[in-house]
Amino acid sequence: MATKSKANKPVTVKDVFKNKFTPYTLLNPDGTLNGPAPDLSPEQLQAMHRVMVEARVFDERAVNLQRQGRLGTFAPLSGQEAAQVGSAFALRKTDWLFPSYREHAACALHGQPWLDILKYWGGNEDGSRVPDDVNIFPVAIPIATQIIHAVGAAWAAKIQGKDDATLVFFGDGGTSEGDFHEGLNFAGVFKTATVFLCQNNFYAISLPRESQTSSESIAQKAISYGIEGIQVDGNDVLAMYQMTKEAFDRGRAGEGPTLIEAQTYRYGPHTTADDPTRYRDSAEVDQWKERDPIERLKNYMISQSIWDDGKEEALWEDVRAQMAKVVEDYEALPERPVEEIFKYTFEEMPWHLEEQLAELKDFIAEYGNPNEGHH
Amino acid sequence: MAHKTLIQAINEALHLEMKRDERVMIMGEDVGANGGVFRATEGIYNEFGADRAVDTPLAEAGIIGSAIGMAAYGLRPVPEIQFDGFMLPAFDQLVSHAARLRWRTRGRFTCPMTVRVPYGGGIRALEHHSEAPETYYAHTPGFKVVLPSNPYDAKGLLLASIRDPDPVIYFEPKRLYRAFRQDVPEEDYEVPIGKAAVVKEGTDVTVISWGTMVRVSEEAAEKAQEEKGISVELIDLRTLWPLDIDTVIASVQKTGRCVVVHEAPRTVGLGAEIISLINEKALLHLEAPVVRVTGYDVAMPLFRMENYYMPNANRVLQGILKTVQF
Amino acid sequence: MPHLTLIQAVNDALHLAMKHDDRVVVLGEDVGENGGVFRATEGLHDTFGEDRVVDTPLAEGAILGAAIGMAAYGIRPIPEIQFTGFMPMVFDHMVSHASRLRWRTRGRFTCPLVLRAPYGSGIHAPEHHSESHEAYYMHTPGLKVVVPSNPYDAKGLLISAIKDPNPVLFFEPKRIYRAIRQEVPEEIYEIPLGKAAVVNEGTDVTVITFGSMTHMAKEAITRASEQGISAELIDLRTVWPLDIDTISTSVAKTGRCVIVQEAPRAASFSSEILTLIHEKVFDSLQAPVERVAGFDTPMPYYRMENYYLPNANRILAGINNVLNF
Ligand SMILES: Cc1ncc(C[n+]2csc(CCOP(=O)(O)OP(=O)(O)O)c2C)c(N)n1
């Protein structure tokens, strides 16, 4: 049936979206504000700043450990601290966090001990055993799968009449997987209180963002699921906080999920197994370093007279000592018994695993420990 | 003849075949400019261009699904799945489509593609990067499943796979990518699909294995000979499915004892199928039950404990002794 | 006691489980108002409302993926996959997540969900509607696989599966959804997972199977008994982890065994059972174990499915093979 409209001109998607998205920035690189400051106390700002510095130092230590053969493959996050800390700062304690594999800062902020994070990358399963009062799902290596789990948890909360929300991280590459589509579509239909946080760091290993999708922005993908979407300057911790907070408020009020595209950049390799010089210029890295998220917040706090260079120096020193202790504790961990491999496959161990465990123990008794000299 | 690693042999096979047959193209995550995360496709992008060495978006179902369409249309795609654990998002495309396109269309459409996948444990990799999923594909009617254990076979089997008229899952033992070198002829040659190799002849016990575990079993066979005077016949299956039943049965009939070694979890591992076939075809020749030396029925542990999980030479030796002392 | 079909027993179990535990939630395609394409969830939507009986969009990966998040959060989801042919779409979530969530988090998060799916062939269904996929899940550490063969067991096994703290695949042999009626108690009861049923005691040969093949096997052993052969019939009920004691005891007694399944043979359920017998009671075996299975081809279209599916004659031939060895 034809509807009457004044201008009978087809509206195409490209007309609607062309050049429509620019990243929302609140805090400029020099520390000045673009708009009203979020409602955060000096202590809260300092807390954000501290976690970002912790993450930066942790990263450095972890990469070094890996280079020395004392840690497994590691995914560094340097450069992406604000995208993670700003958004995770909007979580309440009971909310659930679903990381991919690079969200060390977000996880630490939400209550995962740094030592546990290091354990995970050190090949120790206990690292995924978060404390009972911490709701962080284990690292999700199969890209984009965690998106749907986050929808399920938020949906379960809704079914149980609770207002817990979920925050799920993934990269620009993750938006190409089918699970991204399925997850956002489900969340739109069931109006779950989920924030889909895409850290667009412009590369998926080697593939640049423009080869990943022809969409002009990632944020605009929200439109096809009937959900809210926004593009944010991911190196601006205040904008990240404010936009995520508003998204949670909407979610808890039953208004459904939000897709946030946080534009940011990883300074380092994709993982310690990657060589980024094969696919990007160092000039590009330098450009991004001028927009460093930690510097930016520091400049702002100094301009607000709640911080100074002396405090900054003391903080870094303190954090270095903290991370040295984390590394020390990590290296002092005892080897774990082989039962650990068999435990937790099921709640109770079935006969076939009992048999296999006994077999392995007999083997070790007879032939010695195959793991000796291999850690 | 040049001395090459397994990954160099794979790279050389890809180069050769792309030069010989312009229908052949590679596609996958980071396979182009980056040359693949293991550098298996190094140089191909520069030589053959972005149309034949395609960097795809991050989507395994998309990679396999579009390769199926390409293969049906007449190309010879060689998609790469970056790691064994990431075949799973493409599972439906593989099982419901690639495996049965010929069957469903009575041969009108076929699916001559070779899915290359770095396979297995032993390199201290991350979670989901050390899986041994051959059972899923051996159990799915319509696939050929290949897994070389050395550079020479890697090249010849890959060339045979790409030329094969049916979909081939070509697993690459990543622990052996750079573990040793071997003489590999520069020219074109094939190692036939469906033919096992008798790596070492012996008389007391047959050890059947594939991929990385062939190296482990070789070490065990040496120990068995030196320490216990046991003569091991070692079979490298090379093609896991359809497997070379004649070589297996002939050997077991001769030795009367057998050990199957694989890194995949034990239950419904390929070992179970091999034992079933031996039971069906050579039970009366058996002097002892066939022994399985395998990964355990648990998730692949993080790297700190992977040496407990992966069979090693001593575990294979223990298995050999168990059959011999039965 | 009411006489129920298998699908009614499934429906009854779901009603009871949802009544007794308000954490239980059913989700899937057409499971709500429509009551499921086979009517397994009939009436649930009216009784428990749309929050607990959810019609989802058409996306199997998300149905299981969301159920994983739900289960970890603390509710007890029962996702339905409409046909086993569509299970490959959930495969990544099943293998990479559901099966190993407990393991990966050292028990901090668990995944107590029951994935229900109509299973197997024999109803002249279209392509991709008749698959038997248990081997994929047996091979994946951390999963339990259950296939009932009758209404009584279906109800008790489903209740146990829902109470189980681990992820369970509950495959419903759709060929016998309405083929038989049986007395099924009204109250809640459990049949323990991991326990086989000895359907018929015998001394000459052991026949091991599960699901709808149990009925084929029954027919075969009845005919065998007319030939003077005493066959012991084991219905595994839980396909994995299975009841090894019942199998070993039986085969140690009879010395001969036939394994029956609908799935393709290569690297399958039957390979594992055969191998376990080989490992545990090698010395008692008087003949090679025989496998009566589907072929290593795709499931044919329905006109030829009876060539593919084991039937009483093929099982009887298998019995005769092992006896005449
Ligand atoms: C399903 C799957 N396919 C492939 C990979 C290998 N892989 C690991 S990270 C990655 C790129 C991810 O890029 P993106 O989503 O942008 O996240 P980023 O690493 O940039 O944070 C790839 C291809 C994987 N982990 N999972």
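The values are calculated or read from the model by the stated rules, or taken from the named source; none is laboratory data. All figures in this text were calculated on a predicted structure; none of them were measured in a lab. Cβ coordinates were reconstructed from backbone atoms using ideal geometry, including for glycine residues, and neighbour counts include every protein chain displayed. Side chains included, ligands, DNA and RNA excluded: accessible areas come from the protein's heavy atoms. Shrake-Rupley method; radii C 1.70, N 1.55, O 1.52, S 1.80 Å.
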> Identify, please: which residue in region A:111-133 is open to solvent by 10 Å² or more (accessible area, probe 1.4 Å) and of a type in the set (A, V, I, L, M, F, W, C) and is, among those, farthest from the ligand (Cβ to nearest atom)?
Replying inline: A:LEU115
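Take region B:146-155 and flag every residue that is touching a Pro at 6+ places or on another chain (Cβ under 9 Å) and open to solvent by less than 10 Å² (accessible area, probe 1.4 Å).
B:LEU147, B:PRO148, B:SER149, B:ALA154, B:LYS155
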> Got a number for residues in region C:286-301 being surrounded by 22 or more Cβ atoms within 10 Å (Cβ to Cβ) and either out of contact with any helix residue (DSSP H, G or I) (no Cβ under 6 Å at 6 or more places or on another chain) or not assigned by TED's automatic domain parsing to the domain that holds C:LEU316 (or both)?
Replying inline: 1
> Looking at A:ARG280, A:ARG291, which is the one that is in contact (Cβ under 8 Å) with a residue 60 or more places away in the chain and exposed (fewer than 15 other Cβ atoms within 10 Å of the Cβ)?
Replying inline: A:ARG280
> For A:THR166, all conditions in the list (1) more than 16 Å from the chain's Cα centre (by Cα); (2) away from the ligand (no atom under 16 Å from the Cβ); (3) more than 15 Å from A:TYR225 (Cα to Cα) hold save one; what is the number of the exception?
Replying inline: (1)
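When you scan region A:298-375 for helices (runs of 4 or more DSSP H) that lie fully inside it, which ones turn up with 2 or more residues that are among the small types (Gly, Ala, Ser)?
Qualifying helices (runs of 4 or more DSSP H): A:309-331, A:351-367.
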> Would region B:58-81 turn up any residue that is under 21 Å from B:ARG175 (Cβ atoms), in contact with an Asp or Glu (Cβ under 7 Å, 6 or more places away or on another chain) and within 14 Å of chain C (Cβ to nearest Cβ)?
Replying inline: yes
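Scan region A:280-300 and give yes if some residue there is of a type outside the set (A, V, I, L, M), within 14 Å of chain B (Cβ to nearest Cβ) and in contact with a Phe, Trp or Tyr (Cβ under 8 Å, 6 or more places away or on another chain), otherwise no.
Looking through region A:280-300, at least one residue is of a type outside the set (A, V, I, L, M), within 14 Å of chain B (Cβ to nearest Cβ) and in contact with a Phe, Trp or Tyr (Cβ under 8 Å, 6 or more places away or on another chain).
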>> Considering only residues that are surrounded by fewer than 24 Cβ atoms within 10 Å (Cβ to Cβ), of a type outside the set (A, V, I, L, M) and within 19 Å of the chain's Cα centre (by Cα), which ones fall in region C:6-29?
In response: C:GLN8, C:ASP12
> Which residues, taken from region B:252-277, are in a helix (DSSP H, G or I) and under 21 Å from the mean Cα position of the chain (by Cα)?
Replying inline: B:LEU270, B:GLY271, B:ALA272, B:GLU273, B:ILE274, B:ILE275, B:SER276, B:LEU277
>> Taking the condition of being within 14 Å of C:SER130 (Cα to Cα), among the hydrophobic types (A, V, I, L, M, F, W, C) and open to solvent by 10 Å² or more (accessible area, probe 1.4 Å), how many residues in region C:302-325 meet it?
In response: 1
> How many residues does region B:32-68 hold that are aromatic (Phe, Trp, Tyr), over 21 Å from the mean Cα position of the chain (by Cα) and open to solvent by less than 50 Å² (accessible area, probe 1.4 Å)?
Replying inline: 1
> Hey, does region B:98-111 have a residue that's within 16 Å of the ligand (Cβ to nearest atom) and open to solvent by less than 40 Å² (accessible area, probe 1.4 Å)?
Replying inline: no
> Do any strands (runs of 3 or more DSSP E) entirely within region B:156-246 hold 3 or more residues that are in contact (Cβ under 8 Å) with a residue 40 or more places away in the chain and buried (at least 17 other Cβ atoms within 10 Å of the Cβ), and if so, which?
Replying inline: B:168-173, B:205-209, B:239-241
>> Report every pair of residues separated by at least 6 positions or lying on different chains whose Cβ atoms are under 8 Å apart, first residue within region C:52-66 and part of a strand (DSSP E or B), second of a type in the set (Phe, Trp, Tyr).
In response: C:VAL54/A:PHE190
> Which condition does A:ASP233 not pass, out of (1) within 16 Å of the ligand (Cβ to nearest atom); (2) touching a Pro at 6+ places or on another chain (Cβ under 8 Å), if it passes all the others?
Replying inline: (1)
> Wholly within region C:238-309, which strands (runs of 3 or more DSSP E) include no fewer than the required count, namely at least 1 residues that are within 14 Å of chain A (Cβ to nearest Cβ)?
Replying inline: C:238-240
> Which residues, taken from region B:28-85, are away from the ligand (no atom under 12 Å from the Cβ), outside any loop (DSSP other than H, G, I, E, B) and either free of Cβ contacts under 8 Å to residues at least 24 places away in the same chain or more than 26 Å from A:HIS181 (Cβ to Cβ) (or both)?
Replying inline: B:ILE44, B:TYR45, B:ASN46, B:GLU47, B:PHE48, B:ALA53, B:GLY69, B:TYR73, B:ARG76, B:VAL78
> Here are A:ALA108, A:ALA90, A:ALA157, A:ALA150: which of them is touching a residue at least 24 places away in the same chain (Cβ under 8 Å), more than 16 Å from the chain's Cα centre (by Cα), away from the ligand (no atom under 13 Å from the Cβ) and in the same structural domain as A:ILE205 (by TED's automatic domain parsing)?
Replying inline: A:ALA157
>> Can you tell me which of (1) over 26 Å from A:ASN28 (Cβ atoms); (2) touching a helix residue (DSSP H, G or I) at 6+ places or on another chain (Cβ under 8 Å); (3) open to solvent by less than 10 Å² (accessible area, probe 1.4 Å) is the one A:ASP164 doesn't meet?
In response: (3)
>> Only one of A:PRO42, A:PRO36, A:PRO76 is modelled with pLDDT of 95 or more and open to solvent by 50 Å² or more (accessible area, probe 1.4 Å). Can you tell me which?
In response: A:PRO42
> Restricting attention to region C:41-58, does a residue exist that is under 21 Å from the mean Cα position of the chain (by Cα), open to solvent by less than 10 Å² (accessible area, probe 1.4 Å) and under 27 Å from C:ARG178 (Cα atoms)?
Replying inline: yes
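Check A:ILE136, A:ILE147, A:ILE159 and return the single one that is open to solvent by 10 Å² or more (accessible area, probe 1.4 Å) and either in contact with a helix residue (DSSP H, G or I) (Cβ under 9 Å, 6 or more places away or on another chain) or at the interface with chain C (Cβ under 7 Å from one of its Cβ atoms) (or both).
On inspection, the qualifying residue turns out to be A:ILE159.
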> Does region A:163-175 contain any residue that is out of contact with any Asp or Glu (no Cβ under 7 Å at 6 or more places or on another chain), closer than 13 Å to C:GLY74 by Cα and within 7 Å of another protein chain (Cβ to nearest Cβ)?
Replying inline: no
> Within the group A:GLU340, A:GLU359, A:GLU355, A:GLU328, which residue is of a type in the set (Asp, Glu) and buried (at least 18 other Cβ atoms within 10 Å of the Cβ)?
Replying inline: A:GLU340
> Which of the residues belonging to region B:264-289 are open to solvent by 10 Å² or more (accessible area, probe 1.4 Å) and of a type in the set (Asp, Glu)?
Replying inline: B:GLU280, B:GLU287
> What number of residues in region C:185-215 are closer than 14 Å to C:ASN150 by Cα and buried (at least 24 other Cβ atoms within 10 Å of the Cβ)?
Replying inline: 6
